[in-house]
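S.K.: One structure follows; several queries about it will come next.
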Amino acid sequence: MSGDSASIAALGERIASNIERVIVGKPAAIELLLVALLCEGHVLIEDVPGVGKTTLARALSRSIGGSHRRIQFTPDLLPTDIGGLAYFNQKLGDFEFRPGPVFTNILLADEINRATPRTQSALLEAMEERTVTIEGETRPLPRPFLVLATENPVELEGTFPLPEAQLDRFLVRLAIGYPDQEEELAILERFQRETPLDTLMAVAQPDDLLVAAAAAREVHVSDELRRYLTALVRATRDHDAVALGASPRASLALFHAAQALAALRGRDTVLPDDIKTLALPVLSHRLLLDPDARLRGRDAAGIVTELLATVPVPVEGEIGLATATRGIGG
């Protein structure tokens, strides 16, 4: 294990342990959030009401220090309510810029699909370029900058589906799911007297994340795994149930996410299991299915699962067993 991988793994464990003071029994979802942190990628948390989507996002925000803001998306929300606006200051006799809540490290976009497409699109520049352009002037956003968006997939009245261009900007889409009985009992006990979120303190700072993110980009990915990754993404474009497959942006997202996951697990080499673990949360929301396939009950997650079972995986000898062993054992 390299020093960089060890320090990234330690940082991830510190943040995960802090979040788990609030969130019970969801290590996989927390690990995906940490992957997004290291990639400076955005996260779409899609699940039914009451399972802790907003609580998870707020726990992450508080754990990493820096600044965080929340926007409750509603049909009457305007683009200027996100990015800000230039107004005439009568005292100064000139226009002055009033920054919107997007000027933060962590932006919680609560129920993002309740805003109109025009307002949703106001986030596109911020999510892709990390800048906001108002009145012809482009302003950079703080780093790191992450959008943690939540949406309820079952309540359709008064909602506006996210366009494919915006879905493609999310590094991962994840669901939290219902807790099992033991986890639900633990939630009752933990929240009996107070909300742990109220006393949650930061265990990292934005600069720590920037350093860790740069180090994660140095994690080794063999040529064989690069070919496997691109073959998996390209297979989505050739599937007969898919009208629009994953783009090269998806290949880059899966590549960097695999590097981040390997680093969080204390390795300086990506293994096939890293790619297979991330394929569903990184790729499934980027696929546009053929209408006939949707009528037959097909879904994107099932197609990605099918491709994971059919695209050949490199064997250990092909990815360099000696290198992989050095990454695991130190």
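S.K.: Which pairs turn up if I take residues in region 276-296 that are more than 14 Å from residue 261 (Cβ to Cβ) and look for partners that are aliphatic (A, V, I, L, M) and assigned to a helix (DSSP H, G or I) with beta carbon separation below 6 Å, at least 6 apart in sequence or on another chain?
M.R.: 283/250; 283/304; 284/300; 284/301; 284/304; 285/167; 286/250; 287/300
S.K.: Still on this model: Out of (1) crowded, with 22+ Cβ neighbours inside 10 Å; (2) of a type in the set (Ser, Thr, Tyr); (3) more than 16 Å from the chain's Cα centre (by Cα), what's the single condition that is false for residue 67?
M.R.: For residue 67, the failing item is (1).
S.K.: Now a separate question. Mind counting the residues in region 209-236 that are more than 21 Å from residue 272 (Cβ to Cβ) and either surrounded by 18 or more Cβ atoms within 10 Å (Cβ to Cβ) or not assigned by TED's automatic domain parsing to the domain that holds residue 6 (or both)? Before the answer, list the steps.
M.R.: Taking region 209-236 first, the residues more than 21 Å from residue 272 (Cβ to Cβ) are 209-215.
Within this subset, residues satisfying the condition of being either surrounded by 18 or more Cβ atoms within 10 Å (Cβ to Cβ) or not assigned by TED's automatic domain parsing to the domain that holds residue 6 (or both) are 209, 212-213, 215.
Total satisfying the criteria: 4.
S.K.: Moving to a separate point now. Quick one: in region 237-250, which of the residues that are touching a residue at least 24 places away in the same chain (Cβ under 8 Å) and part of a helix (DSSP H, G or I) is surrounded by the fewest Cβ atoms within 10 Å (Cβ to Cβ)?
M.R.: Step one: of region 237-250, the residues touching a residue at least 24 places away in the same chain (Cβ under 8 Å) are 239-247, 249-250.
Cutting the leftovers down to part of a helix (DSSP H, G or I) gives us 249-250.
Working: 249: 14, 250: 22.
Ranking the candidates gives 249 first.
S.K.: From the list 253, 186, 231, 204, exactly one residue is assigned to a helix (DSSP H, G or I) and either within 20 Å of the chain's Cα centre (by Cα) or of a type in the set (Val, Ile, Thr) (or both). Which is it? Give the derivation first.
M.R.: Working: 186 fails: either within 20 Å of the chain's Cα centre (by Cα) or of a type in the set (Val, Ile, Thr) (or both); 231 fails: either within 20 Å of the chain's Cα centre (by Cα) or of a type in the set (Val, Ile, Thr) (or both); 204 fails: assigned to a helix (DSSP H, G or I).
Criteria check complete, one pass: 253.
S.K.: Looking only at region 71-110, count every residue that is crowded, with 16+ Cβ neighbours inside 10 Å and within 25 Å of residue 159 (Cβ to Cβ) and tell me the total.
M.R.: Looking only at that region, the number is 16.
S.K.: Another question about this same structure. Do we have any residue at all in region 113-128 that's closer than 16 Å to residue 82 by Cα and touching a residue at least 60 places away in the same chain (Cβ under 8 Å)?
M.R.: First pass over region 113-128, keeping only residues closer than 16 Å to residue 82 by Cα: 113-128.
Applying the additional criterion that residues be touching a residue at least 60 places away in the same chain (Cβ under 8 Å) yields 127.
Scanning region 113-128 turns up at least one residue that is closer than 16 Å to residue 82 by Cα and touching a residue at least 60 places away in the same chain (Cβ under 8 Å).
S.K.: Still on this model: Is it true that residue 20 is modelled with pLDDT of 90 or more, on the phi > 0 side of the Ramachandran plot and either out of contact with any Pro (no Cβ under 7 Å at 6 or more places or on another chain) or surrounded by fewer than 19 Cβ atoms within 10 Å (Cβ to Cβ) (or both)? Before the answer, list the steps.
M.R.: Working: modelled with pLDDT of 90 or more: yes; on the phi > 0 side of the Ramachandran plot: no; either out of contact with any Pro (no Cβ under 7 Å at 6 or more places or on another chain) or surrounded by fewer than 19 Cβ atoms within 10 Å (Cβ to Cβ) (or both): yes.
The answer is no for residue 20.
S.K.: A further question on this structure: Of the residues 322, 293, only one is at pLDDT below 90, surrounded by 15 or more Cβ atoms within 10 Å (Cβ to Cβ) and out of contact with any helix residue (DSSP H, G or I) (no Cβ under 7 Å at 6 or more places or on another chain); which? Before you say what the answer is, go through the steps one by one.
M.R.: On the way: 322 fails: surrounded by 15 or more Cβ atoms within 10 Å (Cβ to Cβ).
From the options 322, 293, the qualifying one is 293.
The values are calculated or read from the model by the stated rules, or taken from the named source; none is laboratory data. Note that the coordinates shown come from a computational prediction; the quantities given were computed from them, not determined experimentally. Here the Cβ is made from the backbone with ideal geometry for all residues, glycine too, and neighbour counts use every protein chain on show.
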